[in-house]
1. Can you list residue pairs whose Cβ atoms sit under 7 Å apart, with the first residue in the stretch 1-12 being surrounded by fewer than 18 Cβ atoms within 10 Å (Cβ to Cβ) and the second being not in a helix (DSSP H, G or I)? Count only pairs 6 or more apart in sequence or on different chains.
2. Need pairs with beta-carbon distance below 6 Å; first residue free of Cβ contacts under 8 Å to residues at least 40 places away in the same chain and within the stretch 35-47, second β-branched (V, I, T) and open to solvent by less than 40 Å² (accessible area, probe 1.4 Å); sequence gap 6+ or separate chains.
Amino acid sequence: MRRSEFHRAVADEFGARADSVVTDLILSDVGGRTASDAIAAGVDPREVWLALCAELDVPVERRYGVGRLEPRRR
């Protein structure tokens, strides 16, 4: 997962509170850091995304493959 995919997934899942979720919520699964601090420290965005999902009880079916753009049609 790229950073852009991470941010897209967070915005899609958490809407208006996405910024707050990324900057305020402490995630024990990534060393007791916020999502933004974890990514800045080099933690893989996929790992951070999954930590957010676990912490906020996002259903499993909405955790995988999110954040990607739809393929371009030719």
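The values are calculated or read from the model by the stated rules, or taken from the named source; none is laboratory data. The structure presented is a predicted model; accordingly, all values stated were derived computationally and were not measured. We place every Cβ from the backbone using ideal geometry, glycine too, and count neighbours over all the protein chains shown. Protein only, heavy atoms only, side chains kept; ligands, DNA and RNA dropped before computing areas. Shrake-Rupley method; radii C 1.70, N 1.55, O 1.52, S 1.80 Å.
1. Hits for this filter: E5/G67; E5/R68; R8/G67; D12/V66.
2. Between residues of the stretch 35-47 that are free of Cβ contacts under 8 Å to residues at least 40 places away in the same chain and residues that are β-branched (V, I, T) and open to solvent by less than 40 Å² (accessible area, probe 1.4 Å), the close pairs are A35/V22; A35/V48; S36/V22; A38/V30; A38/V48; I39/V48; V43/V30.
So that you can scan it fast, the table gives a plain yes or no per residue for (1) modelled with pLDDT under 95; (2) outside any helix (DSSP H, G or I):
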residue	(1), (2)
M1	yes, yes
E5	yes, no
A9	yes, no
A16	yes, no
T23	no, no
D37	no, no
V48	no, no
Y64	yes, yes
E70	yes, yes
